[in-house]
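Shown next, in structure tokens, is the structure this report addresses.
The values are calculated or read from the model by the stated rules, or taken from the named source; none is laboratory data. Fair warning: this is a prediction, and the values are worked out from it, not measured in the lab. With ideal geometry, Cβ positions are generated from the backbone for all residues, glycine too; neighbour counts draw on all protein chains shown.
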């Protein structure tokens, strides 16, 4: 089968990669559509020291499953694979299992291939009226929704998202769902066009004074973004860290203590509500698609997705 | 009057410092006892760029107040002075007022003097059966209690306090009040004697694996302590930052995001419950007193308090 792989810090396209065989409890899924996430780009640079098939945003058709009723279903799937026996799996789920693997990120081949494998229990059926090009947003939309599972997003809060990129734009729309005013903050004027078209407030990072927001979501993953996010959150406010920081970060933590800021690390989120939001068309995703490439042109797709200001780049078999 | 002052990064003792006059709404308090806090030591080194009379842990006798019924009362006092008119003061209190001054820390002369001045509304009467040497712990005990106002400390949690110093020992005792098992973690074996005598679990920092605790309170204020605290808190756990970090700190924030850690900055706390705990003798403070010096020997007292492993050093007029 075709596959996009990472090895030794480089990305490779293989036309004849061996097709994996599903084990007990596992389903074989034929890829329909996949999406490139910033995490994928970081993985190619060395993040998580992953080697194998890339990709965790996908929609596909079940070709084999222990329960035959799944076969032929169009599905998305939770990307965390827990041991299913530890107290973390029992009390919370697979996302924090110390033995977990993660689709295309930790120890489990990913979705940028003709076929992928996931436990059947990870699968969710995509509603018929959600096209593949939107279903592929289920995973990042779930990650954005995770914030609303961790903290209360009050309608009258002043909220900001620092970093109007692919994930930031989903977060902004998710935070705005119940009437909260959300400001998308970027460093370049051009980066604010799309959030403005999505109906969100926008501003450049230097436009805002210290302590301007009740809630700030950091979605840049870089040190300057973090420093500005901490600067703009008010005393007793909440700072959500949504992007992984590669390597060490240097910052002045005194505000965090003196102003009693609550910092919340946030990662994977719930797929079912994400699918409901996709079905209800509550999130504008059409504007967020930049381009689509076949897997055979995947290296070019990664180059495209790595350019600044580029929206979601999709892959197809 | 006598006063211990900081100016240009140095500490001075003055025998004839001009006695301040209380303004409208303010009380004049004659010092009975004061305590040296690590923050005072940091201020002498330049923290908060404060100049003036040091000190914020005190107990005294009211000599003048707008409401004469306060005169002669033995009091402690909240150290934050807000504007009383902004929305922060109205909704939360003076601790986060952007215009606030803070006794002996920001723009308001402190308690290491024969007399100090505070708004009458900041005062609280000390119960008769609490001696001065213990009443002086009201402020740091309130700061420790603040944690319990910010997060739920569950009885079955595994909790740790990194840094078995003056504040750490109060925090450890406060976290243990409802049956929670608390481990005090230090770098030197000698630093664990006192916490063990206080009935707390103890261990050296290298004794504990990653993810060992549900709740970790960072009470060292140094980078190594913070890195270890983050290392030892479990996924979905809580890290409380209780000590102010001077200058920049460098750390790897990826665990914070991937393990969805909740970080809570924590500062000043509630005096009334602290006074109730002092009256009920629920916190062992006798063991925490190292020495007492007269104000006239205050510079020596600071030297003593600055040595590693030293417990609370008290001052008297």
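Is it true that residue A:151 is modelled with pLDDT of 95 or more and not assigned by TED's automatic domain parsing to the domain that holds residue A:76? Against the criterion (modelled with pLDDT of 95 or more and not assigned by TED's automatic domain parsing to the domain that holds residue A:76), residue A:151 qualifies.
Rundown of residues vs (1) crowded, with 22+ Cβ neighbours inside 10 Å; (2) more than 14 Å from every other protein chain (Cβ to nearest Cβ), yes/no style:
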residue: B:118; (1), (2): yes, yes
residue: B:126; (1), (2): yes, yes
residue: B:131; (1), (2): no, yes
residue: B:135; (1), (2): yes, yes
residue: B:151; (1), (2): no, no
residue: B:154; (1), (2): no, no
residue: B:157; (1), (2): no, no
residue: B:164; (1), (2): yes, yes
residue: B:167; (1), (2): yes, no
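Residue A:139 satisfies every condition listed in (1) part of a helix (DSSP H, G or I); (2) closer than 24 Å to residue A:313 by Cα; (3) without any contact (Cβ under 8 Å) to a residue 60 or more places away in the chain except (3). For the range B:198-209, the criterion of a residue being under 24 Å from residue B:154 (Cβ atoms) and within 14 Å of chain A (Cβ to nearest Cβ) is satisfied by at least one position.
Looking at A:300, A:312 in this structure, which one is exposed (fewer than 15 other Cβ atoms within 10 Å of the Cβ), at pLDDT 95 or above and either under 21 Å from residue A:126 (Cβ atoms) or away from every other protein chain (no Cβ under 14 Å) (or both)? Answer to the selection: A:300.
Give the residue that is surrounded by the most Cβ atoms within 10 Å (Cβ to Cβ), with candidates limited to residues of the range B:1-20 that are without any contact (Cβ under 8 Å) to a residue 60 or more places away in the chain and assigned to a loop (DSSP other than H, G, I, E, B). Out of the qualifying residues, it is B:9. Here is the figure for the range B:86-99: residues that are surrounded by 21 or more Cβ atoms within 10 Å (Cβ to Cβ) and assigned to a loop (DSSP other than H, G, I, E, B) total 1. The set of residues in the range B:63-85 being away from chain A (no Cβ under 14 Å) and crowded, with 21+ Cβ neighbours inside 10 Å consists of B:65, B:75, B:76, B:77, B:78, B:81. From the list A:236, A:215, the one residue that fits, being within 11 Å of chain B (Cβ to nearest Cβ) and closer than 23 Å to residue B:267 by Cβ, is A:236. Per the conditions (1) at the interface with another protein chain (Cβ under 7 Å from one of its Cβ atoms); (2) closer than 30 Å to residue B:46 by Cβ, the sole criterion not satisfied by residue B:224 is (1). Just so you know, in the range B:256-287 the residues that are out of contact with any strand residue (DSSP E or B) (no Cβ under 8 Å at 6 or more places or on another chain) and within 14 Å of chain A (Cβ to nearest Cβ) include one that is nearest to residue A:238 (Cα to Cα), and it is B:267. The single condition from (1) without any contact (Cβ under 8 Å) to a residue 40 or more places away in the chain; (2) closer than 24 Å to residue A:221 by Cα that residue A:288 fails is (1).
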